[in-house]
Ligand SMILES: [Zn+2]
């Protein structure tokens, strides 16, 4: 499953949707991000964490509340859980859990851990909030737009940017919450690159990159997609040409149609 690895980070890639699960090992702790998808995949990540943790505490970070990103929660019962205030306060937790159960039933999947909504130990409520774990520090930025409860996390001293469902090289923006907020989140890229010595970006789907130009390129492509989609809707033009550079179009067109519906609502059309 390993897509990228160095001394401090292992990025696992699921067979489904190129979803990434990240394990960061520092002198002070082990940080696990969105451990997910198939039972054997969650098991592989858990086994790896158990192998490297020694006596270090495990922190489990959720980038946002989409069901595919939180379904591994129960496999790490001893972890200290970090997520946004918005994820913590969601009113539709039962619905999110139900989506996991529907998926597992659909494919006759059994898991050796319970499925439940994460109980959050460390709630991130401020943009720029910092969590220090001895010599390791995590700086969080609110990342709304895809959902209303996303977080960017910068792990230092290693310069790892955990981006959740933004800045992917395989997906255009999937906008479930707000296109305007999505643009504001993308705009944080410049601030983050200025404030932090970013050495690696890990998106929630797709490929990690060590290349700053590549991060800027992904930001620009996402912004272009949103702005061109908005302008296409306003002038009643077709917008499916925006998907030309992506693979998996038979599935992705549904997400594009979802974006069209949301933007139409926002514009009032
Ligand atoms: Zn996702």
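Computed from the coordinates by the stated procedures, all read-outs in this text should not be read as laboratory data. What you see is a predicted model, and the numbers here were worked out from it, not measured in a lab. All Cβ positions, even for glycine, are placed from backbone atoms using ideal geometry, and neighbour counts span all protein chains on display.
With everything on Cα atoms, drop me the angle between helix 179-195 and the longest principal axis of the chain, reported from 0 to 90° to the nearest 10.
Helix 179-195 and the main axis of the chain meet at about 50 degrees.
Once you've got the GNM for the chain with C-alpha springs shorter than 10 Å, pick whichever of 14, 239, 247 has the biggest mean-square fluctuation.
Sorting by GNM fluctuation, first place goes to 247.
Can you put 8, 146 in order, fewest other beta carbons within 10 Å first? Please report the intermediate quantities before stating the final value.
On the way: 8 19, 146 24.
Ordered from fewest to most neighbouring Cβ atoms within 10 Å, 8, 146 come out as 8, 146.
Using a Gaussian network for the chain with springs between C-alpha atoms less than 10 Å apart, which of these wobbles most: 176, 225, 248?
248
Against the longest principal axis of the chain, how steep is helix 249-267, in degrees 0 to 90 to the nearest 10, with axes from Cα atoms?
70 degrees
When ranked by the protection proxy of mean other Cβ atoms within 10 Å per residue, highest first, what sequence do the peptides 211-221, 79-89 form? Provide the component values of the computation, followed by the final result.
On the way: 211-221: 14.7, 79-89: 20.6.
Descending mean neighbour count gives 79-89, 211-221.
Would you kindly give the portion of the calculated P(r) for the range 150-199 that falls above 12 Å, as a percent of all Cα pairs?
Numbers: 821 of 1225 pairs.
Tail of the P(r) past 12 Å holds 67 percent of the pairs.
From the Cα gyration tensor of the range 2-211, with a ≥ b ≥ c the square roots of its eigenvalues, which class applies: rounded if a/c is under 1.5, or else prolate if a/b is larger than b/c, or else oblate? Walk me through the numbers before you get to the answer.
Details: a/c = 1.40, a/b = 1.11, b/c = 1.26.
Rounded shape, in that the Cα axes give a/c under 1.5.
Starting with the fewest neighbours, write out 67, 37 ranked by other beta-carbon atoms found within 10 Å of each beta-carbon. Display every interim value, and only then the final one.
Working: 67 18, 37 24.
Exposure proxy ranking, most exposed first: 67, 37.
Cut-off 10 angstrom, C-alpha nodes, Gaussian network model of the chain. Which of 158, 141, 246 fluctuates the most?
246
Using alpha carbons only, how many angstrom separate the centre of the range 197-269 from the centre of the range 126-194?
Spelled out, the Cα-based centre of one part sits 17 Å from the other.
I need the calculated FRET efficiency for the pair residue 246 and residue 199, taking r as the beta carbon distance and R₀ as 41 Å, to the nearest 0.05.
Working: r = 27 Å, r/R0 = 0.66.
After rounding to 0.05, the efficiency reads 0.90.
To the nearest 10 degrees, how steep is helix 212-234 against the longest Cα principal axis of the chain, on a 0 to 90 scale?
In the chain, helix 212-234 runs at an angle near 40 degrees to the longest axis.
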